[in-house]
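Encoded as C-alpha cells, the structure appears first; notes follow it.
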Amino acid sequence: MRLVTKNEVVKEAFLNELRKERIKFVVKERLGYEAFIGYMIEGTLDEISATINSFQGEEKEVLLQGFLNFKEQINHALEHLREGESINLLLQEGYWMGDVLDQLFKNGAITVEGEKAKLKEDVDVTKLKFQFRFPYQLAKDLESIEKIAKQFAFVDLLPEYEIEIREVEIDKINRAFHIAAKYFEEDIVMGAYFAAISRGIVSNEILTIINNEKIPKDDLVASFLKAMPMEIPTEKGIMIINVVNTKALEGILRLLEKEGRIDIKGGKIRRLK
C-alpha cells in the first residue's frame, strides 16, 4: 500500500500520473537516508576509464563491464536531454535513469522546467565529473582496490517520501500500481500491490455485509477475525488474506470512515455509500 522514495523527480512524476487518473493518495515526508557501502571512482568519464584500465587485479574485467554499462546509460540519457525530454518518459527507461539525472543535476548540467529536463547548451560533457560506484562485495584484493578507489560509507540525509494509495476500488488499485511499476522496483511494487488489493477486498466485504443496516462494531470485528484467513480463488491460483488482529481491522474501518463510506457512532456501523 505504501511506496517509499527519496528521489524528488520520481516522487513528482509518480504523483502527477496518479492525479491525472484521479487516484487518491497521501504523501508523508520524513527525514530519511540513502547509504551506499562500497567503493567509488570519481572523475570525468575518460579519467574513470583510465583509472580502471590501470588496475591489475582480478576484478578488472567486472569493473570495466560495469563502467561501460554506466557510460552507456549516461550517453543514452544525454541523447534525450540535448533536445529536452519529459522526465516521466525518461524514468520509464529504467530505475537507473533516476541516478543519472541526479548526477547530471548535481553537475549543474541540466535545467528542469515543469515536467521537462534539458541539457544546458554550454555544457561540455567531457568535463563533467561523475561517480562510478560499485559494491564492496566485488572487491577481492582490498589493498589493490583501495589504490584506485575510495572506500567509504556514503550516507545522504535527505527527505524521504512515503506514498500511500488510498483506494479500495480494485480497478483503481490496479491502475495505481500499473503506474507504480514504472517508478519502483518490481518486488516492492508487488508487495504493496497485494497489500492494497487485500485491503480493498476486505473493505468491500465489510461494505457488502453492512449494506443498509446498522451493525454493532464489535460483532462485525469479531465475525471477521473468526473467519480469517480468507481464501480468494484467482485465475492463477489462490490468494490468502489474513487480518491478524483487531487493530488491523479497525485500521481498515478508519480508512472507510475517512473516505466517507461508513459512519461509526454509538458502537454501531452504517454504510453511507
Filtering segment 162-207 for residues that are of a type in the set (Val, Ile, Thr) and more than 16 Å from Arg2 (Cβ to Cβ) leaves a count of 4
Would you call Glu213 surrounded by fewer than 14 Cβ atoms within 10 Å (Cβ to Cβ) and over 23 Å from the mean Cα position of the chain (by Cα)? yes
Only listed residue being in contact with a strand residue (DSSP E or B) (Cβ under 9 Å, 6 or more places away or on another chain) and within 24 Å of Glu164 (Cα to Cα), chosen from Leu220, Leu255, Leu207, Leu249: Leu207
Matching residues, segment 218-247, being assigned to a helix (DSSP H, G or I) and among the aliphatic types (A, V, I, L, M): Leu220, Val221, Ala222, Leu225, Ala227
Those residues of segment 57-79 which are of a type outside the set (Gly, Ala, Ser), in contact with a helix residue (DSSP H, G or I) (Cβ under 7 Å, 6 or more places away or on another chain) and in contact (Cβ under 8 Å) with a residue 40 or more places away in the chain, in sequence order: Glu59, Val62, Leu63, Phe67, Ile74, Leu78
Those residues that are open to solvent by 10 Å² or more (accessible area, probe 1.4 Å), outside any strand (DSSP E or B) and within 23 Å of Leu90 (Cα to Cα), I need them from segment 1-21; list them, please. Lys6, Asn7, Glu8, Val9, Val10, Lys11, Glu12, Asn16, Glu17, Arg19, Lys20, Glu21
Among (1) part of a loop (DSSP other than H, G, I, E, B); (2) touching a helix residue (DSSP H, G or I) at 6+ places or on another chain (Cβ under 9 Å); (3) of a type outside the set (S, T, N, Q); (4) free of Cβ contacts under 8 Å to residues at least 12 places away in the same chain, which single condition is Met190 missing? (1)
With the checklist (1) open to solvent by 20 Å² or more (accessible area, probe 1.4 Å); (2) at pLDDT 90 or above; (3) among the small types (Gly, Ala, Ser) in hand, flag the one item Ala109 doesn't pass. (1)
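Within 19 Å of Phe25 (Cα to Cα) and open to solvent by 90 Å² or more (accessible area, probe 1.4 Å) - does that describe any residue in segment 248-256?
Checking segment 248-256: at least one residue is within 19 Å of Phe25 (Cα to Cα) and open to solvent by 90 Å² or more (accessible area, probe 1.4 Å).
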Out of the residues in segment 143-178 meeting the condition of being part of a helix (DSSP H, G or I) and touching a strand residue (DSSP E or B) at 6+ places or on another chain (Cβ under 9 Å), tell me which one is surrounded by the fewest Cβ atoms within 10 Å (Cβ to Cβ). Glu146
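The values are calculated or read from the model by the stated rules, or taken from the named source; none is laboratory data. Since we're looking at a predicted model, the values are computed, not measured. All Cβ positions, even for glycine, are placed from backbone atoms using ideal geometry, and neighbour counts span all protein chains on display. Note: areas computed on protein heavy atoms with side chains; ligands, DNA, RNA excluded. Shrake-Rupley method; radii C 1.70, N 1.55, O 1.52, S 1.80 Å.
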